[in-house]
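Q: One structure, as structure tokens, below. Some questions next.
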Amino acid sequence: DLHPFPTRRSSDLRGSAMHCKWTAAAIGGALVLAHLAAVSRAGAPENLAPRAKVWANSEYSGDYLAKWAVDGKIPAPYSRQDTRQAWCVRGVKTKQTGEFTLTWEKPIQVAEILYFGRTGQTLKECFKDYAVYFDDASEPVVRGVFEMRHGAQRIRLPQTTVGKIRIAFLSAYTDRTN
């Protein structure tokens, strides 16, 4: 059984959001995003993203590093206050695509990712098409399309145990920074 995660305002959370934030939830299990969550033995969801080593193929600057994607903070939409609270790629250089990887020392159980698009500046800076890969797989376990909006967007995954999740962001709603 998957546990729903509430969408929270930035005032409800400590930390920051990223171009994306995930909550991979599940029975085990974000991404990127930015929160990965698992169901703990007590039955409550646990955010696993902060325990992961994160990597991104592009980072806009020191103020928009991959690590800001997994800190639990979600800036308010249009707040213009997402510095060190969001991950961004150099959109012109990457053609508005990106890749974000979360790796854990020990495998985790995962069944869902919650994606939070970067909406602290404008809604147009959200990624659009995506593919999710487990471990070193060459084929995605799921592909989909995000909406251009603020708030959590679920990526349902086949429940499994993984050591690594890679999210390929294949397009965006903008031709600028993501």
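The values are calculated or read from the model by the stated rules, or taken from the named source; none is laboratory data. Values in this document were obtained by computation on a predicted structure and should not be read as measured data. All Cβ positions, glycine included, derive from the backbone under ideal geometry; neighbour counts span all protein chains shown. The area values use the complete protein model at the heavy-atom level, side chains included, leaving out ligands, DNA and RNA. Shrake-Rupley method; radii C 1.70, N 1.55, O 1.52, S 1.80 Å.
Q: What do you reckon, is Gln153 assigned to a loop (DSSP other than H, G, I, E, B) and either buried (at least 16 other Cβ atoms within 10 Å of the Cβ) or on the phi < 0 side of the Ramachandran plot (or both)?
A: no
Q: Right, next: For the range 158-168, does any single residue satisfy the condition of being closer than 28 Å to Gly62 by Cβ and either in a loop (DSSP other than H, G, I, E, B) or polar (S, T, N, Q) (or both)?
A: no
Q: Between a residue in the range 92-104 that is more than 13 Å from Ala172 (Cβ to Cβ) and any residue that is surrounded by 14 or more Cβ atoms within 10 Å (Cβ to Cβ) and β-branched (Val, Ile, Thr), which pairs come within a Cβ distance under 6 Å, given they are 6 or more apart or on different chains?
A: Phe100/Val32; Phe100/Ile167; Leu102/Val54; Leu102/Ile165
Q: If Tyr130 satisfies every condition in (1) closer than 24 Å to Lys53 by Cβ; (2) over 15 Å from the mean Cα position of the chain (by Cα); (3) hydroxyl-bearing (Ser, Thr, Tyr) but one, which is the exception?
A: (2)
Q: I would also like to ask the following. Answer with yes or no whether Val142 is closer than 12 Å to Ile155 by Cβ and crowded, with 17+ Cβ neighbours inside 10 Å.
A: no
Q: Please list, ordered by first then second residue, the pairs with beta carbon atoms under 6 Å, 6 or more apart or interchain, first in the range 53-68 and farther than 15 Å from Gly117 by Cα and of a type in the set (S, T, N, Q), second assigned to a strand (DSSP E or B) and open to solvent by 40 Å² or more (accessible area, probe 1.4 Å).
A: Every condition considered, the pairs that remain are Asn57/Glu99.
Q: So Glu112 fits all but one of (1) among the acidic types (Asp, Glu); (2) open to solvent by less than 10 Å² (accessible area, probe 1.4 Å); (3) at pLDDT 90 or above; what number is the exception?
A: The single condition Glu112 does not satisfy is (3).
Q: Something else now. Looking at Glu139 and the list (1) more than 26 Å from Lys93 (Cβ to Cβ); (2) assigned to a loop (DSSP other than H, G, I, E, B); (3) under 15 Å from the mean Cα position of the chain (by Cα), which single condition is not satisfied?
A: Unmet condition: (3).
Condition check ((1) within 22 Å of Leu65 (Cβ to Cβ); (2) among the charged types (D, E, K, R)) across all residues:
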| site | (1), (2) |
| --- | --- |
| Ser79 | yes, no |
| Lys106 | no, yes |
| Phe116 | yes, no |
| Thr119 | yes, no |
| Ser138 | no, no |
| Val142 | no, no |
| Leu170 | yes, no |
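Q: Of (1) under 17 Å from Ile167 (Cβ atoms); (2) open to solvent by 40 Å² or more (accessible area, probe 1.4 Å); (3) in a loop (DSSP other than H, G, I, E, B), Thr83 satisfies all except one. Which?
A: So the condition that Thr83 fails would be (1).
Q: A further question follows. State whether one or more residues within the range 158-166 are open to solvent by 20 Å² or more (accessible area, probe 1.4 Å), more than 21 Å from Trp55 (Cβ to Cβ) and in contact with a helix residue (DSSP H, G or I) (Cβ under 8 Å, 6 or more places away or on another chain).
A: Looking for residues that are open to solvent by 20 Å² or more (accessible area, probe 1.4 Å), more than 21 Å from Trp55 (Cβ to Cβ) and in contact with a helix residue (DSSP H, G or I) (Cβ under 8 Å, 6 or more places away or on another chain), one finds none in the range 158-166, hence no.
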